[in-house]
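Quick note: the coordinates plus some simple rules give every number you see, no bench work behind them. This structure is a prediction, so every number in the text was calculated from the model and none was measured. Neighbour counts run over all protein chains shown; Cβ positions are idealised from the backbone, glycine included.
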Amino acid sequence: MEPKKYQKKVLRDLDSYLSSLQITNDPSAAYKMHWENKQVKVGGPNGMKPYNNILTNIPHVCFKVPTGGGKTFLGALSIRNIFDNFPRKKTKTVVWLVPSDSILEQTLKNLKNPSHPYREKINSQWNGRVEVFSKQELLDGQNFNPTTVLEQLCIFVLSYDTFRARDKESRKIYQANSSLSVFSETYKNDEKMLDNCDPTSLMQVINHLNPVVIVDESHNATTDLSTEMLLNINPCFVLDLTATPRENSNIISFVSAHDLKKESMVKLPVVVYNRPNQEEVIADSIDLRNKLEKDAKIEFDLNQRYIRPIVLFQAQPKNEEDSLTFEKIKQKLINAGIPANQIAIKTSKLNELVNVDLMDQNCEIRYIITVNALKEGWDCSFAYILASLANR
């Protein structure tokens, strides 16, 4: 999988900023130089907003990429570029932050899979010397030790709440951990020690590793608590990935929806229907999906390109009066003659897609019922129909 033209442009923009950072050794001055090299003024009514020094003297920049533009792939491609601008002896660790459990699961699965294009690209750039860790693997010290972090690229895929929450489970990263005690012997600067954090804790280890931080869907991480989270991680560089940057974001590269269209990264045409009630929405979704599957079979016979069109039903939250919950939708589909094995529910509490490969030709699933999965950034390549049951 090779980057698209607009993705290559984003990476060139990153290199431009990194080159400016090498010259100026100042995140703010590098930002100004980066844009002025493009004949874009910084400051004033018609210029780019001045650099926002959110994390004092720590480079913190943003890619603005529309939904569907491959932000995760861009994040994966950026790692090598960033570390190439640091001393060779620097420990190669990345904290990859995501906002929700669904994206955490998706990102971890893709980056751990040696056959996935993201991991394949990272492996090719690092000669296969790559290790991807979940939170539990880090806490258990599973192949995570000072030798590992010195000899290969280590990526920690974690959620924002790992650092921000204060419940007992989340506090584990701040507590004493005998599995990580060997790291405390490597600390050379006691001034970096975090308060209220055991020297053998995972949080203390991450702080001393001084990692690169990639913040996925960064518009969800803008509170004071999120800033404190980043400061405690002690990053050497922070890269935000989002389609909707906040006012204080330091954007170094823009991608337009037109760029995605030119590279066929969005499904076109987009056809929108409005129906008077939920029953018609469900019935028409079934009919339309069946028609698309017939077309997909013709396509397969012509060029062996497999597509199994999926309907995503967006249910309403249970706490809304008279809302149509996912249990009711599933029963309505079954009553309409849809086999139960073609229906899956994906919510924060019930995920019937665990270990299911939707792209597999043997997969039977044709209807997925969700609530917020799309808003959270979940990917479903075969989703061709979105059926919202909210009253609009």
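DSSP beta bridges confined to segment 246-391 are antiparallel in about 5 percent of cases.
Of the Cα atoms belonging to segment 55-109, the radius of gyration and Dmax stand at 13.3, 36 Å.
Think of it as helices only: each DSSP H run of n ≥ 4 in the chain is worth -39500 (n - 2.57), and spread over all residues that comes to -11000 deg cm²/dmol at 222 nm. Simple spin-label estimate for Ser178 and Val271 gives 6.5 nm between the two label positions (7 Å along the Cα-to-Cβ direction from each Cα).
Spherically averaged projected area of the convex hull of Cα atoms, segment 194-283: 11.0 nm².
Taking the chain as a Gaussian network of alpha-carbon nodes connected by springs under 10 Å, the highest mean-square fluctuation of the residues Val255, Val281, Val371 belongs to Val281.
For Ile155, nonlocal amide neighbours, meaning residues 5 or more places apart or on other chains whose placed amide H falls under 5 Å from its own, are Val94, Glu131, Val132, Phe133. Picking from Pro269, Pro211, Pro99, which is most flexible by a Gaussian network model of the chain using Cα springs under 10 Å? Between Pro269, Pro211, Pro99, it is Pro269 that shows the largest mean-square fluctuation.
Between Lys349 and Ser388, full extension at 0.36 nm per residue minus the direct alpha carbon distance yields a gain of 12.0 nm. Just need log10 I(q)/I(0) for the chain at q = 0.11, 0.12, 0.15 Å⁻¹, Debye formula, equal scatterers on the alpha-carbon atoms, no solvent, rounded to two decimals. One equal scatterer on each Cα of the chain leads to -0.90, -1.04, -1.39. Coordinate range of the alpha-carbon atoms in segment 230-280 per principal axis, descending: 53, 30, 18 Å.
Legend: P(r) of segment 1-144 from all alpha carbon pair distances, 5 Å bins from 0, whole percents, reading 2, 8, 15, 19, 19, 16, 12, 7, 2, 1, 0. Based on C-alpha pairs under 8 angstrom that are at least 6 apart in sequence, the chain has a relative contact order of 17 percent. Charges were assigned to the Cβ only: +1 to each Lys and Arg, -1 to each Asp and Glu. The resulting dipole of the chain about its Cα centre is roughly 1000 debye.
Converting phi to 3J(HN,Hα) with the Karplus coefficients 6.51, -1.76 and 1.60 and the offset θ = phi - 60°, segment 246-252 yields 7, 4, 8, 6, 9, 6, 10 Hz in sequence order, with x at every glycine or proline.
Packing, as the average of other Cβ atoms within 10 Å across residues, places the peptides 130-139, 46-55, 271-280 in the order 130-139, 46-55, 271-280, highest first. Taking a span of 15 Å or more along the helix axis (Cα atoms) and a mean Kyte-Doolittle hydropathy of at least -0.5 as the rule, the DSSP H helices of the chain that qualify are 71-83.
A cut-off of 5 Å between modelled amide H atoms, ignoring neighbours fewer than 5 places along the same chain, links Ile369 with Phe313, Ala344, Ile345, Lys346. Once the C-beta distance of Asn372 and Lys89 is scaled by a Förster radius of 56 Å, the resulting FRET efficiency is 0.80 to the nearest 0.05.
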